[in-house]
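To start, the structure itself, in structure tokens.
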Amino acid sequence: MTDSLDILEPRDWRELRDQFQNVEPFPSISIDNFLTAEAACGIAESYPTYSEAHEMGMEFLPVNSKKKIQVTEEEKLPEPVAGLSRMLASSEFRTCLTEMTGIPSLRWDDHLGGGGMHSL
């Protein structure tokens, strides 16, 4: 899997800006078919089983998160998921988000705090 924007369905980010900016009660957007079908299938198929994820990640213990596993170390992510993470972190993708949101200088959380790969 590539970590370039090739895994995204082509779109006009400036056109999405109008949708993002003009929704109530606050700016937001839902983008259908965000990834190409091939990329989405590859990512989904690469997800480990719960048992495998348990070996790789951290288990949450609070009652509202019981049995949730989170993997935040990129080297432990299956390659299709790691490629998606690298693409989302890329300056090229963040530029697209800036075009859509109007928010300058977007930054990536390279520690994946609250992010990464989750399994229930």
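The values are calculated or read from the model by the stated rules, or taken from the named source; none is laboratory data. Because the structure is a prediction, the values reported are computed rather than measured. No Cβ is skipped: glycine too gets one built from the backbone with ideal geometry, and neighbour counts run over all protein chains shown.
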Please go through (1) assigned to a helix (DSSP H, G or I); (2) closer than 19 Å to residue 13 by Cβ for residue 80 and return the number of the only condition it doesn't satisfy. (2)
Looking at (1) among the acidic types (Asp, Glu); (2) surrounded by 15 or more Cβ atoms within 10 Å (Cβ to Cβ); (3) at pLDDT below 75, which is the only condition residue 59 fails? (2)
Somewhere in the stretch 29-38, is a residue touching a strand residue (DSSP E or B) at 6+ places or on another chain (Cβ under 9 Å), of a type in the set (Phe, Trp, Tyr), closer than 18 Å to residue 5 by Cα and at pLDDT 80 or above? yes
Write out, first by first residue and then by second, each pair whose Cβ atoms fall under 9 Å of each other, whose residues are 6+ apart or on separate chains, and whose first residue, in the stretch 29-47, is of a type outside the set (Lys, Arg) while the second is in a loop (DSSP other than H, G, I, E, B) and exposed (fewer than 11 other Cβ atoms within 10 Å of the Cβ). 40/33
Reported set for the stretch 83-109 where residues are closer than 19 Å to residue 13 by Cα, touching a helix residue (DSSP H, G or I) at 6+ places or on another chain (Cβ under 9 Å) and of a type outside the set (A, V, I, L, M, F, W, C) is 90, 92, 94, 95, 98, 99, 101, 102, 104, 105, 107
Among (1) of a type outside the set (Asp, Glu); (2) modelled with pLDDT of 80 or more; (3) closer than 24 Å to residue 119 by Cβ, which single condition is residue 90 missing? (3)
When residue 19 is evaluated against the numbered criteria (1) closer than 21 Å to residue 81 by Cβ; (2) over 19 Å from the mean Cα position of the chain (by Cα), which criterion, by number, is the only one it fails? (1)
